[in-house]
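Shown next, in structure tokens, is the structure this report addresses.
None of the figures in this text is laboratory data; all of them are computed from the coordinates on show. It should be emphasised that the depicted structure is a prediction, and the values quoted were computed from it without experimental measurement. Reconstructed Cβ throughout: ideal geometry from the backbone, glycine too, with neighbour counts over all protein chains shown.
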Amino acid sequence: EVTREFTRNLPKAELHVHIEGTLEPELKLKLAKKNNIEIGQKTIAEVEESLKYDDLASFLAVYYPAMNVLIEEDDFYELAMAYLKKAAQNNVRHAEIFFDPQAHTSRGIAFSTVITGLLRATVDARALNIDACLIMCFLRDLSRESARQTLLEALPYKDKFVGVGLDSDEHNNPPLKFFNQFCTAQEHGLHVTAHADVDQVNSLAHIRELLEVIGVERIDHGTNIVEDPDLVDFAAKNKIGLTSCPLSNDFIAADMKGKEVLELLEKGVKISIHSDDPAYFGGYIGDNYYALAQKYDLTKEQVVALAKNSFEASWISQKQKAFYL
Ligand code: ADE
Ligand code: ZN
């Protein structure tokens, strides 16, 4: 039987967590007060009351304004350190953490402030036995020009993050909009992943673009791939990682997508379980494993296979992988 302790204690790699999505109500209030930011909420209960959404757009409408409290380098450090402590309690050994620079630079916060604060936390995470690194995401609802500027600004720091991703509102924002940025990132030796959120308009077409044209190594969410057996076959053969987030899916699509996860696991796809925005969707990585295991009656072997996939799909070296597999 799969218990909460079993899912929490299992060694895991976290490959799909947005650092801004780990902003807990308590820290939000503390930073709002320190930085003198009016957020329209004064108590934890009032912040929790604001957490109402049932699809991607309504979630993002709550999510981005909350980030206004992040101003100083220390704020980014504190945010990331708080997350990394939670990750350590969940026996996360390796974390590849998304950050959204445009959500901050668009408010006048310097790119260097964001990345320096986050990076300092990843260094201090070694004391927690976590090997952590960063993935820079482009906001797909902003312009190509904004993504181009962001990549230009980021390239001097290219040894400070391991890859690029693509997130935010997928509607009318296909992956190919950012073809040039993905190419440039790859030319600079960066890894590439991108979101294909669950049950979006044109999900399958977006997944096809990511695999056939852009050549991503992972797809974040991406479970709509089950609609095309040839693409499933391609993903299995080429060890494409799919990072599924059950609690997030339950908010955004009213479905944890456990059936799809099990089918893909069965077909040999490197699918694994992650937390997306844990402060918004009701739980960290262990909670996501446990919720899925409970709802779909997973065996211990299935849970272990998902956790092993998280290391296989990670961007650690083959030698490090051998340690965990
Ligand atoms: N940003 C944070 N979480 C996200 C998600 N699930 N999809 C797209 N963008 C996001
Ligand atoms: Zn995500």
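On the principal axes of its alpha carbon atoms, segment 4-324 extends 52, 44, 39 Å, with the longest extent given first. Its residue count N sets the reference 2.2 N^0.38 Å, and the alpha-carbon radius of gyration of segment 8-49 equals 1.55 times that reference. Sorting the segments 175-181, 22-28 by their mean number of nearby beta carbons within 10 angstrom, highest to lowest, gives 22-28, 175-181. Histogrammed with a bin width of 5 Å, the alpha carbon distances of segment 122-172 distribute as 5, 18, 21, 19, 14, 10, 8, 3, 0 percent, first bin at zero.
A Gaussian network model of the chain, with springs between Cα atoms under 10 Å, assigns the largest mean-square fluctuation among C183, C245, C133 to C183. Here the peptides 39-46, 190-197, 58-65, 264-271 are ranked by packing, the mean other Cβ count within 10 Å, and the order with the highest first is 190-197, 264-271, 58-65, 39-46. When only alpha carbons are used to place a centre, segment 287-325 and segment 25-49 end up 35 Å from one another. Both radii come from the Cα set of segment 4-102: Rg as radius of gyration, Rh as Kirkwood radius; their ratio Rg/Rh reads 0.99. Along its three principal directions, the equivalent ellipsoid of segment 155-239 from the Cα gyration tensor extends over semi-axes of 23, 15, 10 Å, largest first.
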